[in-house]
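Bear in mind these aren't lab numbers, they're just calculated from the coordinates by the rules spelled out. Just so it is clear, the model here is predicted, and its values are computed rather than measured. FYI the Cβ positions are ideal-geometry reconstructions off the backbone, even for glycines, and counts take in every protein chain you see.
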Amino acid sequence: MNSATIGLIGVIIGAVTSLVASVVVPWIRDELDRRRSTRERTAAERRQWLMAALSALVEYRQASGSRAAAAADPGAPGAAQARFSNALNELTVRLTPDEQPILDVLMAIFAMVQQPRRGIENMVGEAMSVLTLWARGDVETSAVIREVEQRAGVTFSEDRRGVTPTASPSTS
């Protein structure tokens, strides 16, 4: 092979590489942008529905917590419970299986709100704080149950279907 043939082969290889790169690189970049955008949108939706569920829980607690509120609007607890159920369903379809602890904590809060006892406001408040920290990205999903147990002063059952108060909620 003479140097002209080698030069021509080099030009052809360079042209093919340039053509492939100009087609493939934008395609890969667009795909990565699409995936990032989907992740961000899903995270925003999770935050929105988590906050809606927490808001409905507070509303339910207020509506069912006093006789005066119940007498003023007897349907308020049911409406708040329906809003909580809707928000919980919307959140459920947006969570991954690894994020099941979030639903477990929400259901535990709901159970605590339904069975008022001494110190419940602090327990619920601390559990809600942990969920808010999770939504912000400050608490990992794997640490949510442990954080709720520590901060709210509760212990989750083995199957995470129930909670038992163990101590006063922490103030950390």
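Things to note:
- Taking the fewest neighbouring Cβ atoms within 10 Å as the starting point, the ordered list for GLU126, GLU31, GLU121 is GLU31, GLU121, GLU126.
- Counting neighbouring Cβ atoms within 10 Å and putting the fewest first, the residues PHE156, PHE84 line up as PHE156, PHE84.
- Correct choice for mean projected area of the Cα convex hull in nm² that was computed from the model, options (1) 15.6; (2) 24.9; (3) 11.9: (1)
- With R₀ fixed at 30 Å, the C-beta to C-beta distance from MET51 to GLU31 puts the FRET efficiency at about 0.45.
- Between 0 and 90°, nearest 10: helix 120-136 axis offset from the chain longest Cα axis: 10
- Assigned charges on the beta-carbon of Lys, Arg, Asp, Glu; the chain dipole about Cα centre (debye): 200
- Among VAL130, PHE110, ALA53 - extreme Cα towards positive end, dipole of region 1-160, charges at beta-carbon: ALA53
- Counting charges near GLN48 (Lys, Arg +1; Asp, Glu -1) among other residues having Cβ under 14 Å from its Cβ returns a value of +3.
- At an R0 of 35 angstrom, the distance between the Cβ atoms of SER18 and ARG146 translates into a FRET efficiency of 0.05.
- Burial order of peptide ranges 130-136, 146-152 (average beta-carbon count within 10 Å, highest first): 146-152, 130-136
- Residues ILE6 and ARG136, FRET efficiency given R0 of 41 Å [Cβ-Cβ distance, rounded to 0.05]: 0.10
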